[in-house]
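Since the structure comes first, as structure tokens, the remarks are kept for the end.
The values are calculated or read from the model by the stated rules, or taken from the named source; none is laboratory data. What you see is a predicted model, and the numbers here were worked out from it, not measured in a lab. Counting neighbours? That spans all protein chains shown, and the Cβs are built from the backbone with ideal geometry, glycine included. These area figures cover heavy atoms from the full protein model, side chains too; ligands, DNA and RNA do not enter into them. Shrake-Rupley method; radii C 1.70, N 1.55, O 1.52, S 1.80 Å.
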Amino acid sequence: MDNETILSVNDLSISFKTLNGMVRAVRGVSFDLKRGETVAIVGESGSGKSVTIKAVMGILAGNAVIDSGSIMYGGRDLIKASEKDYQSIRGSKIGLIFQDPLSALNPIMKIGRQITEALRLSDPKISRADARKKAVELMESVGITDADRRFDQYPFQFSGGMRQRVVIAIALARDPEILICDEPTTALDVTVQARILDLINEIKQERKLSVIFITHDMGVVANVADRINVMYAGKIVEKGTADEIFLEPAHPYTQALLAAMPDLETSERLMSIPGTPPNMIFPPKGDAFAERNAHALEIDFEEEPPYFKISDTHYAATWALHPKAPKLEMPEVLRNRIARIKEEA
Amino acid sequence: MGKYVLKRVGLMVLSLFIIISVAFFALRLIPGGPYDDDPDLAPEAQAALIARMNLDKPLPVQYVLFIKGILMENNWGASLKLRPGISAFDIIKERVPATMLLNIMSLLISLPLGILAGTLAALYKSKWPDALISVLVILCISVPSFIFATLLQYFPAYRWELFPLLFNATGNTAARLKSMILPVMALSFGPIATVCRYLRGELIETLSSEYMLLARTKGLKRAQAIARHAFRNSCVPLANIIIPMFTNIMGGSLVVETLFSVPGIGTLIVDSINTRDYTVTMAALLFYSFISVMTILIVDLSYGLIDPRIRLGAKGNE
């Protein structure tokens, strides 16, 4: 892995105009994607993770407003890019895999055509036979057996896992260098999930892709990510390498997420996070998680915490890291689990 | 597929039979008979005519004779009053071209215009073109076709003298076509609005679908994505409303034909009911029913052509 940054999101803020007011969906998100690595963005529904990557793809809904920030890619700021500029990036440089493969494919168009359509965009002069050959190869490379026959089938003749493979094949058709996976396994069975994750890891190695992986599932992240950004209420509250996030979580939200994650060894009762995420029309003044945090300090309700540096790669936005703050006790489930993992390692 | 078509045709024949039977008895419920108010007819002659047309027999016997005539001899009976003695079937045959021309032209105009307006409304959702089209749609759907017909006759035809007031059945082709413009317009406002409203809804739904997003992230331009992925998908359910639409146009044409005195089935059916010409009414009704069940059949069969999920549905998932 060389350390060249190929995509860099800086201080991105996005709001949605609604009848009730402006919804502050993303509030100052920054992260980098380095060549060949997988960066995960983790957070619950409504935390702004999907909005962030839609902004990267330039497919935000009509009522979205980008308040500030930049998305630097290939030496230019994608936020200022025209629709025409985007045309040369979307699909060909950055591919996207969707959350729900069941609805991501056009139900009345043959699978093959949906793939060759993408191929044709990169190579308008490609012959029918060549396009078909390439598409069948692509299908085989994502693990679709009997690809030549299935080329002429329709989405409804495919299972969920197979459809997700088709979606991946479409995303790969134009040979992008960045692959964005938006909860690619959420809609799938657990057994299929594992296979799709393996496939994503495999193609990432083979094609030397850089991957942005969006999920709410800490268990999934553990299998794929090099670096993790934990998002809450439109902000990245903690970022670090996978080891740092899993073994030394510093933000109370990260800890709560991890403590709520089931695994095979934990015998204690799993923790749940009380309350609901804040209404983003009126974002809370201080730490957005304070309301749901049993150990919240007074200042958490007053002032937004800055990022505290834990190591060169590990940052967290919580007052608990302030030198004067009382030391944050990790939930017991989590403490035991981390101890166990460290012992095994 | 062949078996399916056969089954559908069988059901079609059954529906037609039920329609004929109900209509036969319903028609006889109208008080009076074909020769009641004819001052030229001596009572003896009247009695003789009634006997010849079997109208003196009990209703069930008349019904059996009527059905037998159709099945055994393909005989629809002769007109009782309008053109006595002429086969009802022949009278209908004469009137079909004018009606079909009117209806098909109306359909041919309504579909593209409705699709165009619906597409515009969907693409400019919540902007002024959408608002304007919505107002027009409500106007066109809620105002019945005979009001449009009267307005068209008054303004463009009577006041401005741009078009002839009535249908010109005898003139040359150009004159005939010109006289058809107003009746076709009167018939088309409603269907245009129906198609427009329906397509707008469908298209808005498809435009916000995940597969449109995928089409965009592939790198398709917005126009390309709409043309290839949204448009066809939105047209599939459109086939659904063409059936009631076509029968609606036919229903509207009953009145519009009379207003513009188009020598079509619509005028015929009104006249024949007024004069109790049972055989002609039956034949005309059968014609309308036949067209309706045929449209349903054609639309059902064409689903498979547009939507592979229906065509291949029987083979199921793998």
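Packing-wise, with mean Cβ within 10 Å as the measure, how do A:266-275, B:135-144, B:84-93 rank, highest first? Kindly include the intermediate steps, with their values, before the conclusion.
Numbers: A:266-275: 11.3, B:135-144: 14.6, B:84-93: 16.4.
Answer by packing, highest mean first, reads B:84-93, B:135-144, A:266-275.
Grab the alpha carbons of the stretch B:1-66, take their convex hull, and tell me the volume per residue in Å³. Working shown, then result.
On the way: hull volume 7.1 nm³, N = 66.
In the stretch B:1-66, the Cα convex hull volume per residue is 107 Å³.
Can you give me the Rg/Rh ratio for chain B, using Cα atoms for both radii and the Kirkwood formula for Rh? Let's see the in-between values first.
Values: Rg = 24.2 Å, Rh = 22.7 Å.
Reported Rg/Rh (Cα atoms, Kirkwood Rh): 1.07.
State to the nearest 20 debye the size of the charge dipole of chain B about its Cα centre, where the only charges are +1 on K and R beta carbons and -1 on D and E beta carbons.
Values: 28 positive and 20 negative charges, 335 e Å.
Value, rounded to 20: 1600 debye.
Taking the radius of gyration and the Kirkwood hydrodynamic radius from Cα positions alone, what is the Rg/Rh ratio for the stretch B:96-269, to two decimal places? Intermediate values should be presented prior to the final figure.
Values: Rg = 18.7 Å, Rh = 17.4 Å.
My calculation puts Rg/Rh at 1.08.
Radius of gyration and Dmax for chain A's Cα atoms, expressed in Å?
Gyration radius and largest Cα-Cα distance of chain A: 21.2, 69 Å.
With springs connecting C-alpha atoms under 10 Å apart, model chain A as a Gaussian network and identify which of A:Met109, A:Met72, A:Met57 has the largest mean-square fluctuation.
A:Met109
Would you mind getting the accessible area per residue of chain B, heavy atoms of the protein chains only, 1.4 Å probe, in Å²? Mind dumping the intermediate values first?
On the way: 16600 Å² over 318 residues.
Accessible surface, normalised per residue, equals 52 Å².
How much of the pair distance distribution for the protein assembly as shown lies past 36 Å, counting alpha-carbon pairs only, in percent? Don't jump to the answer; show the numbers that get you there.
Working: 126040 of 219453 pairs.
Percentage above 36 Å: 57.
Specify which residue in the list B:Gly266, B:Thr119, B:Leu132 is farthest towards the positive end of the charge dipole of the stretch B:96-269, using unit charges on the beta carbon of Lys, Arg (+1) and Asp, Glu (-1), about the Cα centre.
Comparing the listed Cα positions along the dipole, B:Thr119 ranks first.
Provide the gained length on full extension for the span A:Ser127 to A:Ala222, in nm with one decimal, where the gain is 0.36 nm per separating residue minus the Cα-Cα distance. List each step's numbers first, then the result.
On the way: separation 95, 0.36 × 95 = 34.20 nm, distance 4.26 nm.
So the extension gain works out to 29.9 nm.
How many nm separate the modelled label positions at A:Ala260 and A:Lys84, each set 7 Å beyond the Cα in the direction of the Cβ?
Result: 4.7 nm between the two label points.
If I model a spin label at B:Ser208 and B:Ser15 as a point 7 Å from the Cα along the Cα→Cβ vector, what separation in nanometres do I get?
Output for this residue pair reads 3.4 nm.
Highest mean first, what order results for A:194-201, B:154-161 on Cβ atoms within 10 Å?
Numbers: A:194-201: 17.6, B:154-161: 12.2.
Ranked by mean Cβ neighbours within 10 Å, highest first: A:194-201, B:154-161.
If you take the charge dipole of the protein assembly as shown about its Cα centre, with +1 on Lys and Arg Cβ and -1 on Asp and Glu Cβ, which of B:Ala47, B:Ala223, B:Ile104 is farthest toward its positive end?
Toward the positive end, the furthest listed residue is B:Ala47.
For A:162-174, what's the mean count of beta carbons from other chains sitting within 10 Å of each residue's beta carbon?
Details: counts 1, 0, 0, 0, 0, 4, 0, 0, 4, 3, 0, 2, 2.
The shielding value for this peptide is 1.
Summarise the partner chain shielding of B:217-230 as one whole number: the mean count of Cβ atoms from other chains within 10 Å of each residue's Cβ. Please list the in-between numbers first.
Details: counts 18, 17, 17, 6, 5, 2, 0, 2, 2, 0, 0, 5, 6, 1.
So the per-residue partner count for this stretch is 6.
Ignoring ligands, DNA and RNA, what percent of the 1.4 Å accessible area of the stretch A:125-276 is carbon and sulfur?
Values: 3010 of 6180 Å².
Within the stretch A:125-276, the accessible surface is 49 percent carbon and sulfur.
Extending each Cα 7 Å along its Cβ direction at B:Val61 and B:Tyr124, get the distance between those two points in nm, one decimal.
Going from the B:Val61 label point to the B:Tyr124 one covers 7.0 nm.
What full-extension length gain, to one decimal in nm, is calculated for A:Ser159 and A:Asp146 as 0.36 nm per residue of separation minus the Cα-Cα distance? Let's see the in-between values first.
Numbers: separation 13, 0.36 × 13 = 4.68 nm, distance 1.42 nm.
Using 0.36 nm per residue and subtracting the Cα-Cα distance, I get 3.3 nm.
About the Cα centre of the protein assembly as shown, what is the dipole size in debye to 20, counting +1 per Lys and Arg Cβ and -1 per Asp and Glu Cβ, all else neutral?
Dipole magnitude for the protein assembly as shown comes out near 1980 debye.
Using Cα positions and a limit of under 20 Å, work out the lysines in reach of A:Lys285, with same-chain residues fewer than 8 apart set aside.
Correct list for A:Lys285: A:Lys235.
What is the distance in Å between the Cα centres of the stretch B:121-166 and the stretch A:224-254?
61 Å
Once you order the gyration tensor axes a ≥ b ≥ c over the Cα atoms, which shape class does the stretch A:247-345 get: rounded for a/c under 1.5, otherwise prolate or oblate by comparing a/b with b/c?
Numbers: a/c = 2.27, a/b = 1.45, b/c = 1.57.
Oblate.
Only helical DSSP H runs with n ≥ 4 go in: add -39500 (n - 2.57) per run for chain B, normalise by residue count and round the 222 nm mean residue ellipticity to 500 deg cm²/dmol.
About -24000 deg cm²/dmol.
Using a Förster distance of 35 angstrom, determine the FRET efficiency expected from the C-beta separation of B:Glu161 and B:Arg83, and round it to 0.05.
Working: r = 35 Å, r/R0 = 0.99.
The calculated FRET efficiency here is 0.50.
Taking the solvent-accessible surface of protein heavy atoms with a 1.4 Å probe, what is the per residue accessible area of chain A in Å²?
On the way: 15460 Å² over 345 residues.
Accessible area per residue, chain A: 45 Å².
Taking Cα centroids, how far is the stretch A:176-211 from the stretch A:71-101 in Å?
19 Å
Quick check for the stretch B:101-244: number of Lys pairs with alpha-carbon distance under 29 Å, counting only pairs 8 or more apart or on different chains?
Details: B:Lys125/B:Lys218; B:Lys125/B:Lys221; B:Lys127/B:Lys218; B:Lys127/B:Lys221.
Qualifying lysine pairs in the stretch B:101-244: 4.
Provide the net charge surrounding B:Leu14, with neighbours chosen by a C-beta distance below 12 Å and charges set as Lys +1, Arg +1, Asp -1, Glu -1.
+2
Distance check, please: which entries in A:Lys84/A:Lys239; B:Lys7/B:Lys68; A:Lys17/A:Lys204; A:Lys80/A:Lys309 exceed 26 angstrom between their Cα atoms? Each step should come with its number before you reach the end.
Details: A:Lys84/A:Lys239 34 Å; B:Lys7/B:Lys68 24 Å; A:Lys17/A:Lys204 37 Å; A:Lys80/A:Lys309 31 Å.
A:Lys84/A:Lys239; A:Lys17/A:Lys204; A:Lys80/A:Lys309, as the Cα separations exceed 26 Å there.
Considering only protein heavy atoms and a probe of 1.4 Å, how much of the accessible area of chain B is carbon and sulfur, as a whole percent? Intermediate values should be presented prior to the final figure.
Details: 11450 of 16600 Å².
So the carbon and sulfur contribution to the accessible surface is 69 percent.
Provide the buried accessible surface between chains A and B in square angstrom, both chains summed, 1.4 Å probe, rounded to the nearest 100. Let's see the in-between values first.
On the way: alone 16760 and 17930 Å², together 32060 Å².
Approximately 2600 Å², summed over both chains.
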